[in-house]
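Structure first, commentary second.
The values are calculated or read from the model by the stated rules, or taken from the named source; none is laboratory data. Given the structure is predicted, the values throughout are model-derived calculations rather than measurements. A quick note on method: Cβ atoms are made from the backbone with ideal geometry, for glycine too, and the neighbour counts reach across all protein chains shown. With ligands, DNA and RNA removed, areas are computed over all heavy atoms of the protein, side chains included. Shrake-Rupley method; radii C 1.70, N 1.55, O 1.52, S 1.80 Å.
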Amino acid sequence: MTAARRLFRNARLIDPESGLDAPGDLLVDGAHIAAIGPGLADSGFGDDVEIIEAGGLCLAPGLVDMRVQLREPGAEHLESIESAGHAAAAGGVTTMVALPNTEPPVDNVSVVEFLARRAREARLAKLHTYAAATKGMGGRELTEMGLLAANGALGFTDGVKAVADALVMRRVLAYARSFDQLVIQHPEEPSLGGAGEVTEGEIATRLGLAAVTPMAEVIMIERDLRLVEITGARYHVAHVSTAAGIEAIRRGKAMGLPVTCDTAPPYFALNDLAVGDYRTFGKLVPPLRSEKDREAIVDGLKSGAIDAIVSDHRPQDQDSKRVPFAQAEPGGIGLETLLPISLELVHNGHLSLPRLFQRLASTPAALFGLPGGKLSKGAPADLVLFDPDYAWRIDRANLWSKTKNTPFDERPVQGRVMATIVGGRPIFRGEGLKAAAA
C-alpha cells in the first residue's frame, strides 16, 4: 500500500458518529477521507488509486486510547515510544494519549516537546500527552498549566497517583477551569488504597493477602464531585471499576456536572478470580473486583454511564512480576488486546459495533477536541480494518510490546486487526488484506 489515494472496496463501514453499519466503499486521498458510501468503486478512478479489496471486513475509525503509560523517557527498557507505537498499530490504535509519569515526569514544556519530537521520528500512531497536575506529581505545588496547555498538553493528571489533598485538588480544578482543560483523576483514596494488594472479599481472604476496600474508589470520586460543583471544571474519572463508583458518577451527571469516565477491559472481562492462584499478571491498579462489580461495569457501558474504554497500558518487566504476589508491581499491557477484548461486548450482545466505537474512538476524540474518531468526508484517514469474527488465542510471546505482562494471556478471543492506517499511511498490515488492480 504505497499510493497516495486508496479505495477500500466492499467494506463493512462502521461510523460511531452517525451510527452507520453498512456495506460500502471508502476513498482516502492523502491524509484525509475523500468520499464514503456504496458504489464508489463503480465511479472509475485513474491509475494513481490503489484498490484494497476489504472482502466484507469492518472498516472503522482508528482507536483513540486516552490512557497509555509510556516508559520513555527514563525506562525505555520497559517500553519506548517506538515499541508502543508498533503495539498500538497492531491493535488498531491510531492515537495514544500518554500519562505523565515518566522519568523525568511531564511537568514542564521541554518534556512535552521531547515526546512530540520522538513521536514524529517514530512515524507510527499519533501521540499526545497529559501533563502532571502537580510538580513532580508530588501532590503539592501546581504545574504551569496554561503554558503546558499552550504547548500541547491535552489535560492534567498525576497519573497513577490521586491528588489526595482536597485543597490542592480544588486549586487544580479551578486553574484547569480557567483554561478549559480536562482534569483526570486516579480514583483511589490513598490511605485506603495503599492498604493492600487485591480487592476486599472472599478471594483476598482465601489467599491471605492484604485487601483494599472498594470504597476507596467511591470516596475519592464523591469528594471530587463536590469540588467540581464549586469550580465547574471538566473532570474525568480514570479506569472506574466498582458499582459504587459508577453510581456516584451517574449522580454527578444527573446534577449536570461536567464529569466523564472511562474503564479498561480487565474490569469488564475479568474478576478477582483471575488472581486466585497468586497470578501476578492479574495484579492491577485498581485491583480486579468482584463479579458483581464486573457486571456493573458492563451495565455502565451499555447505559452510557461509562463514556470511554481505554487500554490502561502499563508495562512491567519479568523481574517485577515473577516475584511473590505482595512484592509484584501492578499493571498490565493492553494496546494489542484492547480491541479483541472489547469486541466481547459485541459478541455477547451488550453493544453494537457503532456504540462500541463511540467508546473506543469518537468520545475520546471529542473529549480533547481531536478531529478523529469518525468516518466522514474530510475527517483524518486514521482507520482500522478488522475481522470481528477472527478466532485466535492471545499469546503474550507474540505481542509487540517490550514487556509481556498481559492478564489476558492464553485467552481465546474473536476479532483481529488486519490493517491500521494513520493519516492515510499504512502503519500495520496483517493477514487477509488484498490489493486488487485498479
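Just a few scattered comments:
- Check on residue 205, open to solvent by 10 Å² or more (accessible area, probe 1.4 Å), over 22 Å from residue 359 (Cβ atoms), without any contact (Cβ under 8 Å) to a residue 12 or more places away in the chain and of a type in the set (S, T, N, Q): yes
- Among (1) at pLDDT below 95; (2) not in a helix (DSSP H, G or I), the one test that residue 319 misses: (2)
- Selection of segment 111-124 for residues being under 30 Å from residue 385 (Cα atoms) and either open to solvent by less than 10 Å² (accessible area, probe 1.4 Å) or free of Cβ contacts under 8 Å to residues at least 60 places away in the same chain (or both) yields 115, 116, 117, 118, 119, 120, 121, 122.
- Within segment 399-410, residues that are under 19 Å from residue 75 (Cα atoms) sit with their Cβ atoms under 6 Å from residues that are among the aliphatic types (A, V, I, L, M) and outside any loop (DSSP other than H, G, I, E, B), at 6+ positions apart or across chains, in these pairs: 400/87; 400/90; 401/87.
- Close contacts from segment 132-161, counting a first residue that is farther than 16 Å from residue 182 by Cβ and assigned to a loop (DSSP other than H, G, I, E, B) and a second that is open to solvent by less than 40 Å² (accessible area, probe 1.4 Å) and among the charged types (D, E, K, R), with Cβ to Cβ under 7 Å and a gap of 6+ residues or different chains, come to 139/158.
- When residue 326 is tested against (1) modelled with pLDDT under 95; (2) open to solvent by less than 40 Å² (accessible area, probe 1.4 Å), only condition (2) is not met.
- Filtered residues of segment 19-66 (kept if acidic (Asp, Glu), more than 28 Å from residue 311 (Cα to Cα) and in contact (Cβ under 8 Å) with a residue 40 or more places away in the chain): 29, 47, 48, 50, 53
- Screening the candidates 247, 217 for the property of being open to solvent by 10 Å² or more (accessible area, probe 1.4 Å) and either within 24 Å of the chain's Cα centre (by Cα) or within 13 Å of residue 296 (Cα to Cα) (or both) yields one hit, 247.
- Some residue of segment 19-34 being touching a Pro at 6+ places or on another chain (Cβ under 8 Å), closer than 24 Å to residue 337 by Cβ and open to solvent by 30 Å² or more (accessible area, probe 1.4 Å): yes
- Tabulated pairs, segment 229-243, first at positive phi, second small (Gly, Ala, Ser), C-beta under 8 angstrom, 6+ apart or interchain: 239/264
Matching residues to (1) under 30 Å from residue 327 (Cβ atoms); (2) at pLDDT 95 or above; (3) touching a strand residue (DSSP E or B) at 6+ places or on another chain (Cβ under 7 Å); (4) part of a strand (DSSP E or B):
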residue	(1), (2), (3), (4)
222	no, yes, no, no
229	no, yes, no, no
239	yes, yes, yes, no
249	no, yes, yes, no
266	yes, yes, yes, no
273	yes, yes, no, no
284	yes, yes, yes, no
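- Condition check for residue 230: open to solvent by 30 Å² or more (accessible area, probe 1.4 Å) and either closer than 30 Å to residue 409 by Cα or out of contact with any His (no Cβ under 7 Å at 6 or more places or on another chain) (or both): yes
- Candidate set: segment 196-208, residues that are outside any strand (DSSP E or B) and in contact with a helix residue (DSSP H, G or I) (Cβ under 8 Å, 6 or more places away or on another chain); chosen: the one farthest from residue 369 (Cα to Cα): 207
- Residues that are in contact with a Pro (Cβ under 8 Å, 6 or more places away or on another chain) and free of Cβ contacts under 8 Å to residues at least 60 places away in the same chain, drawn from segment 67-95: 73, 74
- Any chance residue 108 is over 29 Å from residue 363 (Cβ atoms), open to solvent by 20 Å² or more (accessible area, probe 1.4 Å), touching a residue at least 40 places away in the same chain (Cβ under 8 Å) and not aliphatic (A, V, I, L, M): yes
- Count of segment 253-285 residues, restricted to those that are in contact with an Asp or Glu (Cβ under 7 Å, 6 or more places away or on another chain), over 23 Å from residue 348 (Cβ atoms) and open to solvent by less than 20 Å² (accessible area, probe 1.4 Å), is 1.
- Subset tally (residues that are polar (S, T, N, Q) and either open to solvent by 10 Å² or more (accessible area, probe 1.4 Å) or out of contact with any strand residue (DSSP E or B) (no Cβ under 8 Å at 6 or more places or on another chain) (or both)) for segment 52-94: 2
- Count of residues meeting criterion [farther than 14 Å from residue 237 by Cβ and among the hydroxyl-bearing types (Ser, Thr, Tyr)] in segment 155-175: 1
- Search result, residues across segment 301-311 that are within 24 Å of residue 161 (Cβ to Cβ) and open to solvent by less than 20 Å² (accessible area, probe 1.4 Å): 306, 308, 309, 310, 311
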